[in-house]
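The values are calculated or read from the model by the stated rules, or taken from the named source; none is laboratory data. Since the structure is predicted, the reported quantities are computational estimates derived from the model, not experimental observations. Note that we place each Cβ from the backbone using ideal geometry, even for glycine, and neighbour counts take in every protein chain shown. The accessibility values were calculated without ligands, DNA or RNA, using every heavy atom of the protein model including side chains. Shrake-Rupley method; radii C 1.70, N 1.55, O 1.52, S 1.80 Å.
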Amino acid sequence: MLLTISTTHHPATDLGFLLHKNPARVFTFGLPVGQGHVFYPEASEEVCTAALLVEVDPVVISRGRGGGRAGLPLEPYVNDRPYAASSFLGTALREAFSTAMSGRSRDRPDLAARSLPFEVRLPALPARGDAALPGRLFGPLGYGVSVQEAPLDPLFPEWGASPCQAVTLRAEVRLRDLLAHLYVLIPVLDDSQHYYVSEAEIDKLLRYGAGWLDTHPERDLITRRFLKHRRALQRAAQAHFTPEEDADAGAPGARNVSLNEQRLEAVKAELLAAGAASVLDLGCGEGNLLARLLPERQFTRLLGMDVSPRVLDLARERLRLAELPEPYRARLTLVQGSLTYRDARLRGFDAAAVVEVIEHLDGARLWTLERTLFGDARPATVVLTTPNEEFNARWATLPAGTVRHDDHRFEWTRQEFRTWAQRVAGEFGYAVTFRDVGEVDAALGPPTQMAVFRREAP
Ligand code: SAH
């Protein structure tokens, strides 16, 4: 993927000093997804253009992604990620131009503080489902926006327009503002949901949105998409903005998103990203996760199972099953059962969530869950969470050495959890990755640990 920044400021080659990249050299750097290059296709006193090229390795990005969209087995490898401007480009911008983004320039400090004429070209900018969006996002910031649509394939006009457009932006702005706008708005236009977002994203949004996001007419859309539709994070970010009359009720004061909420949102995000349509919620309890999954159209079949009939009654009440319109009710089933027994009802699902359940089982009986879930039900994705025992030192109310809930049979350190999950993955033909949930303590790790298992091809 490519982005170019040109200026006609005189002498234009000052751009090299502003970006801290010498126009005479090619600068190459590593990225988590491949490589970035900065080079100058033209560098004269009249016009100077810096190009940022990101080469992504489709195999690297296919890891840590769900199996792609259902029914498209090659989607993880054959997709628009190599060329469509996305958050990878945002990451590369920050990597390549961090000094410029902070507004510093060793050799041209006065120029860094001034508005200069810039032109930015993005040859393949996705604006999913909304061709006018680049204008609505960049227009209010003072950019002239021109958009050139292209057919998806000139040989097949009936396929319609490509979701990617060639976009040119022109404005007199400070370079640091230009880079901040691009950093925030490119992933917003792309709006892909393929990676995990943490609370660190809120800080990035607030940092690079400083001075313009608060008053932007599309502030809510920008926040929502930048934070990958994670409502808990959005609410946390919104608390930093000036309240609006019609702002989400309850937004002020909602900064302390509860750990429970963060955990459920993180699980939901994984299930969405995995592309799962049918989902098991094993040990569903009162249905807190199911309540969040139910409104998502992606999930067409949900089955909640719990060992406790009493808890299932609460779930029925909480989800107002009896009052739900028929299409919703038909999507959700609640059943009583135990994870310690093989159960044919659990077979044939795309994904399973096992949220804060394993620690309720007797350690010596955990193998029965392994057999039921990974050996017999075998969903393509399993999202499993459990407390991180190390973090207990941080809970003021917990006397040292006690578990968080009287019904917890055990709690694991990060190492214990990893050892278990990796052994299970290996034994049953899954690959496993780990995620942190909640505010991470530098020494103790996160309060909740999550493992995402993906079934490997047989
Ligand atoms: N996943 C829910 C509830 C977690 S509490 C949430 O995150 O809100 C743990 C739940 O696991 C309880 O509802 C408990 O009844 C259930 N549970 C415990 N042992 C189980 C077993 N063997 N099979 C199925 N569910 C079990």
(request) Being surrounded by fewer than 19 Cβ atoms within 10 Å (Cβ to Cβ) and either at pLDDT below 90 or assigned to a strand (DSSP E or B) (or both) narrows it down to one of Arg81, Arg69, so name that one. (result) Arg69
(message) Against the condition hydroxyl-bearing (Ser, Thr, Tyr) and free of Cβ contacts under 8 Å to residues at least 60 places away in the same chain, how does Ser115 come out, does it pass?
(response) yes
(message) Residues to consider are Leu312, Leu282; find the one that is near the ligand (Cβ under 9 Å from one of its atoms) and crowded, with 24+ Cβ neighbours inside 10 Å.
(response) Leu282
(request) Any chance you could count how many residues in region 326-345 are away from the ligand (no atom under 16 Å from the Cβ) and either in a strand (DSSP E or B) or hydrophobic (A, V, I, L, M, F, W, C) (or both)? (result) 1
(request) Find the residue count for region 96-118, including only residues that are of a type in the set (Gly, Ala, Ser), under 20 Å from Val47 (Cβ atoms) and part of a helix (DSSP H, G or I). (result) 2
(request) State all residues of region 285-296 that are open to solvent by 10 Å² or more (accessible area, probe 1.4 Å) and either in contact with a Pro (Cβ under 6 Å, 6 or more places away or on another chain) or near the ligand (Cβ under 7 Å from one of its atoms) (or both); if no residue qualifies, say none. (result) Gly285, Glu286, Asn288
(request) Would you mind finding the one in Gly348, Gly375 that is at pLDDT 95 or above, open to solvent by 30 Å² or more (accessible area, probe 1.4 Å), away from the ligand (no atom under 13 Å from the Cβ) and not in a helix (DSSP H, G or I)? (result) Gly348
(request) Residues being buried (at least 18 other Cβ atoms within 10 Å of the Cβ) and closer than 21 Å to Ala51 by Cα: count how many of those fall in region 124-144. (result) 6
(request) May I ask you to list pairs of residues, at least six apart or on different chains, whose Cβ atoms are under 7 Å apart, with the first in region 357-385 being without any contact (Cβ under 8 Å) to a residue 60 or more places away in the chain and aromatic (Phe, Trp, Tyr) and the second being within 13 Å of the ligand (Cβ to nearest atom) and open to solvent by 40 Å² or more (accessible area, probe 1.4 Å)? (result) none
(message) Quick test of your reading of the structure: Trp367 fulfils all but one of (1) of a type in the set (Phe, Trp, Tyr); (2) part of a helix (DSSP H, G or I); (3) crowded, with 19+ Cβ neighbours inside 10 Å. Name the failing condition by number.
(response) (3)
(message) Considering only region 399-414, I want to know if a residue exists there that is modelled with pLDDT of 90 or more, open to solvent by less than 30 Å² (accessible area, probe 1.4 Å) and away from the ligand (no atom under 16 Å from the Cβ).
(response) no
(message) Return the residues of region 404-458 that are among the acidic types (Asp, Glu) and in a loop (DSSP other than H, G, I, E, B); say none if nothing qualifies.
(response) Asp406, Asp407, Glu411, Glu439, Glu456
